[in-house]
Amino acid sequence: MENIKKTEEKEGTTFYPSHLFKEMVVMMFVFVLVSFILALVFPVKLGDPADPTDSSFVPKPEWYFLAIFQLLKYFPGVFEAIAAVGVPVGSIILLMLLPLIDKNPERRPRKRPIAMALMVIILAVTAILTLLGAVT
Amino acid sequence: MFRKVYYWIDERLNIRPYIRKEILDKPVHGRLNFTYCFGGMTFFLFLLLTITGVSMAIYYVPSPDHAYDTVDYLTYQIFMGKVIRGVHHWAANLMVVTVFLHMLRVYIHGAYKKPRELNWITGVMLFVLVLSFSFTGYLLPWDQKAYWATKVGTQMPGSVPLIGDYVVRVLRGGSKIGALTLSRFYVLHVIFLPSMIAALLIGHFAMIRRQGIAEPL
Amino acid sequence: MSPKDITRRRLMEIGIKVMGGFISATSAFPIIGFITAPSLKQEEDKWIDVGAINDFPPGTYIKGVMESQVKDGWYITKERALCWIKVDGDKIVAVSATCSHLGCNVYWDEASKNFKCPCHAGVYDSEGKVIKGPPPRALDRLQVKVEGERILVNSIPVPYGEGKNV
């Protein structure tokens, strides 16, 4: 509670209109980006109808699932469950429990070297897997 | 006109003091940079997705006979069809980006720490919901990509010993991808997940209101 | 507050829990059953015509399309699936095209004499045994029988090495 009070004292502006104005600017940006740039310049396509007898179609997932797609290739046979279920479910559970695991009250990134190093490693591994998944 | 209606309601429910104190005049940090906007962006994308999604649901029929044809119809034959579906597609993609950046910002700032643990946990749940949305939405057009991505995706839990096969069958509504899979995914995508996400969003926002945004570093 | 009130209050508290529990428990069973019922239905096997023997030049694997009328829940439809058929004199081999990894269709690569999966780079030999990549076991086999000039395969795949006609 003390933390919250201290926070409130330092706050300098109100939600309406100044903060809402900022948010509105951001929404404008997203709106223009999505509807006028992405949707018009890169229209979404509808592929060929589903065909269960096709053996040449390579189903690549959307880019945000590419890391798992690539990971599946490295866990042969009985270890498949590790990549298919273990890694995704495990990381979600760890992510959810993060505030209960990391109880260090320090918030500044420079004073949390382990947390920051972990973040960089995980991001790097995910990025590499995603890239490999995209090119192969 | 708006003011008149507002006063008419207020006369009966006395909501003005509440709205003033809790919404309009709620203090907010003055020095928030753009990295604080990813949550708001995500919410705005959620609104765009809801509107375009409901619009497409007017034409879409979730059956193997009609799914592909109705998506084809609503995309290419209806006025603005390409735009509506395009916005839905790109907003969904962008939402994964903004959710990711939002979480990254919160992580780097250590904003998940006491007393905001619960908000981080609801946030992770929302993240899982967003991914479930994109996975279930993928099947609905019933094109090649939809069919094969879903076949592989729903087969993944099958690798777990003992219960795996059962989970796959429940996900698919049978052993194969078919009519029952499509209606299941449709209900998840347009009824179940939206109600879950709405409930969690209310919790997520209420907690921010209660605790305030974590003090900028 | 008299002791009587406390008892009354306690009674109501217990009543709320008991009734709430009863309603949740009795509704959970039919609802979960209703949602999952079609998932538990076992498939019946049937013999599917994939073509005449003459359609399959001997000595190599040729694509066989298994087309059959099925009832998928409420939906009566033509189900189509893929298998690979090799006619070798009197012996006919039918290999299921479903990759044992995550269910993509494998294709026969004539140049390397291997089955390959396009999804996660699994490779099988001409018998369907795993050579490379993530697949956990060999490709399933389909039971084959010949009626007149027609080749029929069974809709339920058999693991490699089990059953007849392997």
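For the residues C:Asp45, C:Asp90, C:Asp140, a GNM of chain C with alpha-carbon springs under 10 Å puts the largest fluctuation on C:Asp90. A Gaussian network model of chain B, with springs between Cα atoms under 10 Å, assigns the largest mean-square fluctuation among B:Ile202, B:Ile177, B:Ile163 to B:Ile163.
Using alpha carbons only, the radius of gyration of the stretch A:56-136 set against its Kirkwood radius gives Rg/Rh = 1.07. Between chain B and chain A, the total buried accessible area stands at approximately 6600 Å², from heavy atoms with a 1.4 Å probe.
Protection proxy ranking for B:108-116, A:39-47, using the average of other Cβ atoms within 10 Å per residue and placing the highest first: B:108-116, A:39-47.
Taking amide H as placed 1.01 Å from N in the peptide plane, the amide H of C:Ala138 sits under 5 Å from that of C:Val130, each at least 5 places away or on another chain. Mean partner shielding of peptide A:25-33, defined as the number of other chain Cβ atoms within 10 Å of each residue Cβ, is 5. Leaving out ligands and nucleic acids, and using a 1.4 Å probe, what accessible area per residue does the protein assembly as shown come to in Å²? So the protein assembly as shown comes to 56 Å² accessible per residue, rounded to a whole number.
Distance from the Cα centroid of the stretch B:97-160 to that of the stretch C:89-137 is 32 Å (rounded to whole angstrom). Residue by residue, the stretch C:38-49 carries 3J(HN,Hα) couplings of x, 5, 8, 5, 7, 7, 8, 7, 8, 9, 10, 6 Hz when phi is fed to the Karplus relation 6.51 cos²θ - 1.76 cosθ + 1.60 (θ = phi - 60°); x denotes Gly or Pro. Only lysines eight or more places from B:Lys82 in sequence, or on another chain, were considered; those with a Cα closer than 22 Å are A:Lys45, B:Lys145.
The GluC sites (Glu not before Pro) of the stretch C:1-61 that meet both conditions, a loop assignment by DSSP and at most 12 other Cβ atoms within 10 Å of the site Cβ, are C:Glu43, C:Glu44. Using a 10 angstrom cutoff on alpha carbons, build the Gaussian network for chain B and name the most mobile of B:Asp72, B:Asp25, B:Asp143. Judging by the Gaussian network model, the answer is B:Asp25.
Within chain B, the selection of entire DSSP H helices by a Cα span of 15 Å or greater along the long axis and an average Kyte-Doolittle value of at least 0.0 returns B:38-57, B:81-108, B:117-139, B:193-211. Angle of helix A:87-101 to the longest C-alpha principal axis of chain A, folded into 0 to 90 degrees and rounded to 10: 10°. Mean residue ellipticity at 222 nm, helices only, chain B: -21000 deg cm²/dmol; runs of at least 4 DSSP H residues each add -39,500 (n - 2.57), and the sum is divided by the number of residues. The value of relative contact order for chain B, using C-alpha pairs under 8 Å at least six residues apart, is 22 percent.
The aspartates and glutamates within cross-link reach of C:Lys46, meaning a Cα-to-Cα straight distance under 16 Å and a gap of 8 or more places when in the same chain, are C:Glu67, C:Asp72, C:Glu79, C:Glu147.
Each Cα pair of the stretch B:35-211 feeds into the Kirkwood radius, which the Stokes-Einstein equation turns, at 4 °C and 1.567 mPa s, into a diffusion coefficient of 73 µm²/s. Past the 32 Å Cα-Cα mark, which pairs from A:Lys73/C:Lys113; A:Lys60/C:Lys63; A:Lys60/C:Lys145; C:Lys78/C:Lys116? Long pairs (Cα-Cα over 32 Å): A:Lys60/C:Lys145.
Take each residue in B:137-147, count the other chain C-beta atoms within 10 Å of its C-beta, and the mean is 5. Peptide C:123-134 has a mean shielding of 2, counted as Cβ atoms of other protein chains within 10 Å of each residue's Cβ. Computed over chain C, the alpha-carbon pair-distance distribution with 5 angstrom bins reads 1, 8, 13, 14, 13, 10, 7, 5, 4, 4, 3, 3, 3, 3, 3, 2, 1, 1, 0, 0, each value a whole percent.
Probe radius 1.4 Å, ligands and nucleic acids ignored: give me the carbon and sulfur share of the accessible area of the protein assembly as shown as a rounded percent. Reported share for carbon and sulfur atoms: 68 percent.
Based on alpha-carbon atoms, the Kirkwood radius and the radius of gyration of chain A give Rg/Rh equal to 1.09.
With axes computed from alpha carbons, what is the tilt in degrees of helix A:113-135 against the longest principal axis of chain A, rounded to the nearest 10 within 0 to 90? Tilt relative to chain A: about 30 degrees. A cysteine counts as unpartnered when no other cysteine's C-beta lies under 4.7 Å of its own; in chain C this applies to C:Cys83.
Compute the angle between helix C:3-36 and the longest alpha-carbon principal axis of chain C, please, reported from 0 to 90 degrees and rounded to the nearest 10. Long axis of C:3-36 versus the principal axis of chain C: about 20 degrees. Each of C:Trp108, C:Thr98, C:Ala28 was scored by the projection of its Cα onto the charge dipole of chain C, and the greatest displacement toward the positive side belongs to C:Ala28; charges sit on the C-beta of Lys, Arg, Asp and Glu. Association of chains A and C removes close to 1300 square angstrom of accessible area from solvent, both sides included, for a probe radius of 1.4 Å. From largest to smallest, the equivalent ellipsoid semi-axes obtained for the protein assembly as shown from the alpha-carbon gyration tensor read 50, 27, 25 Å. List the aspartates and glutamates whose Cα lies under 20 Å from the Cα of C:Lys132, skipping any in the same chain that are fewer than 8 positions away. Reachable aspartates and glutamates: A:Glu80, C:Asp109, C:Glu110, C:Asp140.
Each Lys and Arg Cβ is given +1 and each Asp and Glu Cβ -1; about its Cα centre, the stretch C:47-154 then shows a dipole of about 320 debye.
The values are calculated or read from the model by the stated rules, or taken from the named source; none is laboratory data. In this text the structure is predicted, and so the values were computed from the model without any measurement. Here the Cβ is made from the backbone with ideal geometry for all residues, glycine too, and neighbour counts use every protein chain on show. For accessibility, only protein heavy atoms count, side chains too; no ligands or nucleic acids. Shrake-Rupley method; radii C 1.70, N 1.55, O 1.52, S 1.80 Å.
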